[in-house]
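S.K.: To start, I am sharing the structure in question, which I have written as structure tokens.
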Amino acid sequence: MTFALGQGTGPLQGLKVVEIAGIGPSPHACMILADLGADVIRVERPGGQMLTGGSHDLLNRGRPSVALNLKDPEAVATVLDLVEQADVLVEGMRPGVAERLGFGPDECHARNPRLVYGRMTGWGQDGPWAQAAGHDMNYIAITGTLHGLGQVKDKPQFPANLVGDFGGGSTYLVIGILAAVVEAKASGRGQVVDAAIVDGTASLNAMTSAFLAGGGFKEERSANLLDGGAPYYDIYETADGEHMSVGALEPQFYELFVDLLGIKDTAPDRFDLAKTDELRDLLTATFKTKTRAEWCAIFDGTDACVAPVLRMSEAPDHPHIKAREVFVEHEGIVQPQPAPRFSRTKATLSHPPAAGAGAHTREALAAWGVEDVDGLIERGAAVQLDG
């Protein structure tokens with residue numbers, strides 16, 4: 001497949017990004033940028049990254065893969081050549097690694113003062129743990145966020161790597177990059193964006209900080225309004241072993257909920273804390289009288305704030321998800337569409353993930369104006385994946 005500049009659609013068309021390949025949040029951030037139209041060139045180590053790669057790795061969609069041996073001075077010089085014409089560089093290495101390799105912020109800004117230099121880490125660029133290894137659950141653990149997650153009293157339940165890597169990580173990296181790009185257009189000067197998962201997760205969890213400051217928050221699981229402490233904001237099993245989600249918080253929604261559930265005349269006062277367990281037992285028993293499909297038919301499209309808990313494989317076929325084409329089949333893979341949506345500059349899926357690191361080295365470097373690409377390949381500074 002041929003890659004060329006300017007093929008993306010969306011509001012970021014024309015934004016040029018150099019991605020130094022990593023795992024988790026940094027490729028997710030670059031996927032978002034590419035989805036929204038940016039021209040992203042992904043620089044990988046020969047052989048690829050751990051836990052990534054292949055034609056099904058959706059985090060790598062929308063951009064070409066270039067393999068460079070970053071221990072080779074010629075490869076580092078090539079990165080700086082790319083930086084010279086880019087708006088953004090993204091890297092997710094430990095603090096100091098990019099500097100040691102020769103393409104840290106100082107070297108990059110010497111070549112391109114307008115460059116926005118995005119750095120994605122767990123702990124941040126400084127602090128006593130900055131050089132320590134870690135993963136999603138470690139980062140969200142020390143922010144106070146992990147402690148309250150889940151409905152199990154004995155220990156917290158972590159939601160895979162959604163809260164840290166992607167919620168507090170890549171999302172905030174993208175926000176920071178776009179904010180810095182806007183500022184650079186006005187000032188003519190780039191800057192470093194220090195996107196740390198600990199920072200982003202704490203910000204993401206600001207509402208809990210507000211609840212705690214207000215004095216009404218209990219620091220235990222399944223004891224508050226939005227964590228399963230309230231019976232009318234919880235998940236219930238159905239007759240067929242499936243589940244329904246219930247979020248009937250507002251009075252008018254709750255009244256409709258108990259009416260459609262058929263317990264309007266028997267349900268205890270939901271604000272009587274002495275009867276919380278009684279209400280929960282009633283809801284549990286009632287939901288088990290019908291299958292998930294039967295409850296879906298009853299609550300479908302109503303204001304009762306009830307929705308089925310679907311598996312990933314089921315989600316694309318839900319009528320609402322299907323009508324909005326939240327998931328589409330693209331290049332043989334069912335995958336989410338770019339988000340959010342725009343009324344005028346629509347973002348669309350473009351290229352599938354590369355089959356392997358270096359699948360587009362020759363054509364992508366040439367498209368970005370790098371000279372003597374064949375020489376780089378012959379001398380081992382760059383690698384073109386065969387086939």
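S.K.: Count, please, the residues in the range 328-364 that happen to be more than 17 Å from Gly10 (Cα to Cα), part of a strand (DSSP E or B) and not polar (S, T, N, Q).
M.R.: Looking only at that region, the number is 5.
S.K.: If the requirement is being out of contact with any Phe, Trp or Tyr (no Cβ under 8 Å at 6 or more places or on another chain) and acidic (Asp, Glu), which of these qualifies: Asp199, Asp194?
M.R.: When all the criteria are applied, what remains is Asp194.
S.K.: For the range 106-119, how many residues are in contact (Cβ under 8 Å) with a residue 60 or more places away in the chain, buried (at least 17 other Cβ atoms within 10 Å of the Cβ) and either more than 17 Å from Gly167 (Cα to Cα) or of a type outside the set (D, E, K, R) (or both)? Explain how you work it out, then say what you get.
M.R.: Here is the first cut: in the range 106-119, the ones in contact (Cβ under 8 Å) with a residue 60 or more places away in the chain are 109, 112-119.
Within this subset, residues satisfying the condition of being buried (at least 17 other Cβ atoms within 10 Å of the Cβ) are 109, 112, 115-119.
Still in the running and either more than 17 Å from Gly167 (Cα to Cα) or of a type outside the set (D, E, K, R) (or both): 109, 112, 115-118.
Selection size over the range 106-119: 6.
S.K.: Sticking with this structure for a sec: Taking interchain pairs and intrachain pairs at least six residues apart, which have beta carbon atoms under 9 angstrom, with the first residue in the range 55-81 and farther than 17 Å from Gly380 by Cα and the second among the β-branched types (Val, Ile, Thr) and in a helix (DSSP H, G or I)?
M.R.: Pairs that qualify, where the first residue is farther than 17 Å from Gly380 by Cα and the partner is among the β-branched types (Val, Ile, Thr) and in a helix (DSSP H, G or I), are Pro64/Thr361.
S.K.: Given the residues Arg344, Arg311, Arg324, which is the only one that is basic (Lys, Arg), under 20 Å from Ala160 (Cβ atoms) and at pLDDT 95 or above? Full working, then the answer.
M.R.: Working: Arg344 fails: under 20 Å from Ala160 (Cβ atoms); Arg324 fails: under 20 Å from Ala160 (Cβ atoms).
Result of the check over Arg344, Arg311, Arg324: Arg311.
S.K.: Quickly run through the range 185-225 and pick out the residues that are touching a strand residue (DSSP E or B) at 6+ places or on another chain (Cβ under 9 Å), in the same structural domain as Asp136 (by TED's automatic domain parsing) and either polar (S, T, N, Q) or in a strand (DSSP E or B) (or both).
M.R.: The answer is Gln191, Val192, Val193, Asp194, Ala195, Ala196.
S.K.: Something else about it: Which of (1) touching a Phe, Trp or Tyr at 6+ places or on another chain (Cβ under 6 Å); (2) modelled with pLDDT under 95; (3) of a type outside the set (Gly, Ala, Ser) does Met137 not meet, given it meets every other one?
M.R.: Of (1) touching a Phe, Trp or Tyr at 6+ places or on another chain (Cβ under 6 Å); (2) modelled with pLDDT under 95; (3) of a type outside the set (Gly, Ala, Ser), only one is false for Met137: (2).
S.K.: OK, next. Every residue in the range 120-148 that is crowded, with 17+ Cβ neighbours inside 10 Å, in contact (Cβ under 8 Å) with a residue 60 or more places away in the chain, at negative phi and not β-branched (Val, Ile, Thr), please.
M.R.: Met120, Gly122, Trp123, Asp136, Tyr139, Gly148
S.K.: Have a look at Ala34, Ala67, Ala75 and point out the one that is within 23 Å of Val181 (Cβ to Cβ), buried (at least 24 other Cβ atoms within 10 Å of the Cβ) and either among the small types (Gly, Ala, Ser) or under 25 Å from the mean Cα position of the chain (by Cα) (or both).
M.R.: Only one candidate passes the filter, namely Ala34.
S.K.: For residues that are closer than 12 Å to Leu261 by Cβ, surrounded by fewer than 18 Cβ atoms within 10 Å (Cβ to Cβ) and not polar (S, T, N, Q), tally how many sit in the range 295-317.
M.R.: 1
S.K.: If I ask for residues that are acidic (Asp, Glu) and buried (at least 18 other Cβ atoms within 10 Å of the Cβ), which ones from the range 78-100 would you list? Give the derivation first.
M.R.: Of the residues in the range 78-100, the ones acidic (Asp, Glu) are 81, 84, 87, 91, 99.
Matches in the range 78-100: Asp87, Glu91.
S.K.: Oh, and also: Please verify whether Gly228 is assigned by TED's automatic domain parsing to the domain that holds Ala315 and at positive phi, treating the condition exactly as stated.
M.R.: Taking the combined requirement at face value, the residue does not satisfy it.
The values are calculated or read from the model by the stated rules, or taken from the named source; none is laboratory data. As the structure is a prediction and not an experimental result, all values here were calculated from the model. We place every Cβ from the backbone using ideal geometry, glycine too, and count neighbours over all the protein chains shown.
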